[in-house]
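Undergrad: For reference, the structure I am asking about is given below.
The values are calculated or read from the model by the stated rules, or taken from the named source; none is laboratory data. Please read all numbers here as calculations on a predicted model, not as lab measurements. Here the Cβ is made from the backbone with ideal geometry for all residues, glycine too, and neighbour counts use every protein chain on show. In case anyone asks, the SASA skips ligands and DNA or RNA and just uses the protein heavy atoms, side chains included. Shrake-Rupley method; radii C 1.70, N 1.55, O 1.52, S 1.80 Å.
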Protein chains: 2
Amino acid sequence: MARRFYVALVHHPVRGRDGGIITTSVTNLDVHDIARAARTYGAEHYFVITPIEAQRALVEHILGYWCEGDGARRVPERSEALSRVVPIESVEAAIAAARGEGPEPIVVTTAARSGFPVTGYAEARARLAAEPERPALLLFGTGYGLADELIARAEIHLAPIRGGGDYNHLAVRSAVAIILDRLFALEGDR
Amino acid sequence: MARRFYVALVHHPVRGRDGGIITTSVTNLDVHDIARAARTYGAEHYFVITPIEAQRALVEHILGYWCEGDGARRVPERSEALSRVVPIESVEAAIAAARGEGPEPIVVTTAARSGFPVTGYAEARARLAAEPERPALLLFGTGYGLADELIARAEIHLAPIRGGGDYNHLAVRSAVAIILDRLFALEGDR
């Protein structure tokens, strides 16, 4: 479990309902829920990716309240999770931040829809374990999912979450929680 | 995977920050996110448990919009999930509804804190598999967790979700998603 990994929620480029590329809005709840899940499984940072400066400022405002303001005093475990949130302008910038001075990150994408070849979770765990020195960067899409260009460039594209049936419309917050658990929970805990 | 199971979010009796028993408010997002996760893993119903009639009416109002109103036309997959949501007045009533004319439900509780003996996930899966004819009813707590009286009466009390570290403050929405995945995902999918 010494692997370094990063979680990123992508607000651009993502697909809209008609398949076109859009920029979605940041939501307070995606910041909170995903920060808590990322902290639970030991992510270094949770990148909130949006090219819109005012949206990144909104994230900073939320973080200020919970990490330094009244929220930090009232719910200290919340600031512990939110202190790892980093608003950032692009996927490229998130990759560079995950890289730092070290090796190239393994970019991992996720999608509810198919259309690209996918990697199952047991194989994904094995491939991450085979290169423990490289950080992993997990990209999650808002809206109707990550843009094809992101999925096409990823080293690992995870299979959609299935619950045994045909329904495949989880909230992104739920999908992040399940995927972190599948990839990073201790084997004996699951 | 023929097991019948039910998910329930308990707003009373649950613990407040100081450990006293309180009634929490229904939130729109708990209704949506947990309905989608419950539908993904094949739950029969998702019970939203609150003794406050006005809160149950609020849930009915949300369901009306998404199952019959504009929401149903705009996002049909959302109504598919929300059509299984049932507001109900008490844990007892949820147990009775899960029982119906059939065998007694296996009541399963969950908590982030310890203090009670817990069952690991592999053992929980085995115990559920051993009695496939009995429905399972999974109780999740809001606030600071299920009241002790509920945990003490449960047949299975699941271990807290650990991510490999010491941080243990997931959103209930995330905990529901992870626990449904651990209990009900197809073995090969995980």
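Undergrad: Return yes when residue B:133 is closer than 26 Å to residue B:62 by Cα, outside any strand (DSSP E or B) and out of contact with any strand residue (DSSP E or B) (no Cβ under 7 Å at 6 or more places or on another chain) and no when it is not.
TA: no
Undergrad: (1) over 17 Å from the mean Cα position of the chain (by Cα); (2) under 26 Å from residue B:23 (Cα atoms); (3) within 14 Å of chain A (Cβ to nearest Cβ): which one isn't true of residue B:115, the others all being true?
TA: Just one mismatch for residue B:115, condition (3).
Undergrad: Evaluate the following for residue B:162: is it in contact with a Pro (Cβ under 6 Å, 6 or more places away or on another chain), assigned to a loop (DSSP other than H, G, I, E, B) and basic (Lys, Arg)? Show your work before the answer.
TA: On the way: in contact with a Pro (Cβ under 6 Å, 6 or more places away or on another chain): no; assigned to a loop (DSSP other than H, G, I, E, B): yes; basic (Lys, Arg): yes.
No, not satisfied.
Undergrad: Another one. In this structure, does residue B:140 turn out to be in contact (Cβ under 8 Å) with a residue 24 or more places away in the chain, within 14 Å of another protein chain (Cβ to nearest Cβ) and buried (at least 23 other Cβ atoms within 10 Å of the Cβ)?
TA: yes
Undergrad: Then there is this: Which of the residues that make up segment A:1-22 are β-branched (Val, Ile, Thr) and more than 16 Å from the chain's Cα centre (by Cα)?
TA: A:21, A:22
Undergrad: Can you spot a residue in segment A:116-136 that is at pLDDT below 95 and at positive phi?
TA: Checked against the condition, which is being at pLDDT below 95 and at positive phi, segment A:116-136 yields no hits at all.
Undergrad: Considering only segment B:177-188, state which residues are more than 7 Å from chain A (Cβ to nearest Cβ) and either open to solvent by 10 Å² or more (accessible area, probe 1.4 Å) or more than 23 Å from residue A:124 (Cβ to Cβ) (or both).
TA: Across segment B:177-188, the qualifying residues are B:183, B:187, B:188.
Undergrad: Within the bounds of segment A:155-171, is there any residue that is more than 14 Å from every other protein chain (Cβ to nearest Cβ), open to solvent by 30 Å² or more (accessible area, probe 1.4 Å) and not hydroxyl-bearing (Ser, Thr, Tyr)?
TA: Quick first cut of segment A:155-171, residues more than 14 Å from every other protein chain (Cβ to nearest Cβ) only: A:155-157.
Imposing the further condition that a residue be open to solvent by 30 Å² or more (accessible area, probe 1.4 Å) reduces the set to A:155.
When the remaining residues are screened for being not hydroxyl-bearing (Ser, Thr, Tyr), the result is A:155.
Yes: segment A:155-171 contains one or more residues that are more than 14 Å from every other protein chain (Cβ to nearest Cβ), open to solvent by 30 Å² or more (accessible area, probe 1.4 Å) and not hydroxyl-bearing (Ser, Thr, Tyr).
Undergrad: Can you name the residue in segment B:89-106 that is in contact with a strand residue (DSSP E or B) (Cβ under 7 Å, 6 or more places away or on another chain) and open to solvent by 20 Å² or more (accessible area, probe 1.4 Å) and is also nearest to residue B:153 (Cα to Cα) among such residues?
TA: B:90
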